[in-house]
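A short worksheet on the structure shown next.
The values are calculated or read from the model by the stated rules, or taken from the named source; none is laboratory data. Worth saying up front: this structure is predicted, and the values here are computed from it rather than measured. Positions of Cβ are generated from backbone atoms using ideal geometry, with glycine treated the same way; all protein chains shown enter the neighbour counts. Areas reflect the complete protein model, heavy atoms only, side chains present, ligands, DNA and RNA absent. Shrake-Rupley method; radii C 1.70, N 1.55, O 1.52, S 1.80 Å.
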Amino acid sequence: MTHHRDIDTGPPDEYVEAEIQRLLVEDPAVAEQGITVIRRERALVLYGEVESPHRREEILRLVSERFPDVPVTSDIGVIRAQAPTEIEQLP
Amino acid sequence: MVIRIAAVGDVHLDEDVVGRFRPALEELPECADVLLLAGDLTRHGTEAEARCVATEFGGLAVPVVTVLGNHDHQCDQVPQVVKVLEDAGITVLEGNGVVLDCAGGRLGIAGVKGFGGGFAGRCASDFGEPEMKAFVRTTTDSADRLGAALRSLDCDMLVALTHYSPVPDTLAGEPLEIYPFLGSYQLGQAIDSAPTALAVHGHAHAGTERGTTPGGVRVRNVAHPVIKQAYSVFHVGDQLDTDQVSPIGQSGSQRSWS
């Protein structure tokens, strides 16, 4: 007999992971393709780098709004934009 | 002959980013003859975002040459985006090229956005449903136009500029499953069809910097999240020595990792 998941337990984590990934790309307020969603034992962790602190805040706001019951932690950095200190020579 | 090339891709500009790159960009004349932008200049490809790009990358003391990326197509405003960029003096390439007179010689740059499809042995084929054929033909057309543009340029040094990657080498770090969405071998084949000295691309945010086409052309992934600086600088030529590196060295730079 096939065992069906109880609807009350919510969607499997893998679908949540996929949904968050697509949400971050397809929501016009975010449009980030470079964020990785990783399942850990206690939470989903968002990794990646964005161009401004504002964008990092938008990502966290969007995910917590859409998935209020999913514990999410973030390790998203803002990419440095300083002048280079080295060059590469290509003979 | 040495030509100095600065490059960055995937800067994804909008109002919240304007001004972040500018201090580093003002230093460009000291270390580069040209700045290449490898696509994804904007977040959604709107005219308003293109104006942010024009503010940040326009009016520089070196020529700026760009291709568009997939993000720049999102809102179907490509003609408006291109116009805003060109009005700011930025050269936008798509299946064509430009030749710039640099102190070290004539630099030819051919560019296309490119497209996905995957790499030799693990790629999509022009077969089956119309959607699949359209996907692969988009890639093939793009690569064909890049190859024709590269072969048409009369110059001393040839550079290929794309958004999508021509090789899998520079995708290392990305999940293998998404390689077909990040580039295609046909772009590499086009690059190898001409005496190309360097190929520059973006798009793969989690990739790595360095790779080589099967024909031996150096490939560099300059996506901003990969290089983690305002731009990378490449000195390309056959008579390099430390004296030629000195202008950037004076502001605290070190010898390259070549």
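Tabulated values for the structure
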| item | result |
| --- | --- |
| Residues A:ALA43 and B:SER193, FRET efficiency given R0 of 35 Å [Cβ-Cβ distance, rounded to 0.05] | 0.10 |
| Rounded to whole Hz, the Karplus (6.51, -1.76, 1.60) HN-Hα couplings of segment B:166-178, x for glycine and proline | x, 9, x, 3, 7, 9, 3, x, 7, x, 4, 4, 9 |
| Antiparallel content of DSSP bridges confined to segment B:2-246, in %, to 5 | 40 percent |
| R0 of 45 Å, Cβ-Cβ distance B:GLU86-B:GLU129: FRET efficiency to nearest 0.05 | 0.75 |
| Threshold 30 Å², segment B:1-44 residues less accessible with all protein chains present than alone (1.4 Å probe) | B:ASP16, B:ARG20, B:ARG43, B:HIS44 |
| Top positive-direction residue, dipole computed over the protein assembly as shown with Cβ charges, set A:ILE35, B:LEU150, B:GLY59 | B:LEU150 |
| Solvent-accessible area per residue for segment B:136-239 (1.4 angstrom probe, square angstrom) | 35 Å² |
| Accessible carbon and sulfur surface of the protein assembly as shown relative to its total accessible area, %, 1.4 Å | 51 percent |
| Protein accessible surface hidden between A and B, which excludes ligands and nucleic acids, total in Å², probe 1.4 Å | 3200 Å² |
| Residue-normalised accessible area of segment A:10-78, expressed per residue, 1.4 Å probe, Å² | 57 Å² |
| Longest exposed-site-free window of chain B, the sites being GluC sites (Glu not before Pro) in a DSSP loop that have at most 15 other C-beta atoms within 10 Å | B:27-258 |
| Top positive-direction residue, dipole computed over segment B:2-246 with Cβ charges, set B:THR46, B:VAL112, B:GLN189 | B:GLN189 |
| Shielded residues, segment A:65-88 - accessible-area loss of 30 Å² or more between chain alone and all protein chains, probe 1.4 Å | A:ILE79, A:ARG80, A:ALA81, A:GLN82, A:ALA83, A:PRO84, A:THR85, A:GLU86, A:ILE87, A:GLU88 |
| Dipole in debye (nearest 20) - chain A, about Cα centre, beta carbon charges: Lys, Arg +1; Asp, Glu -1 | 120 debye |
| Value of relative contact order over chain B, rounded to a whole percent, pairs C-alpha under 8 Å and six or more apart | 21 percent |
| Cα centroid separation - segment B:20-78 against segment A:25-65, whole Å | 24 Å |
| For B:LEU60, distant residues with modelled amide H under 5 Å away | none |
| Antiparallel content of DSSP bridges confined to the protein assembly as shown, in %, to 5 | 35 percent |
| Computed magnitude of the charge dipole of segment B:2-246 (debye, nearest 20; Cβ of K, R +1, Cβ of D, E -1) | 380 debye |
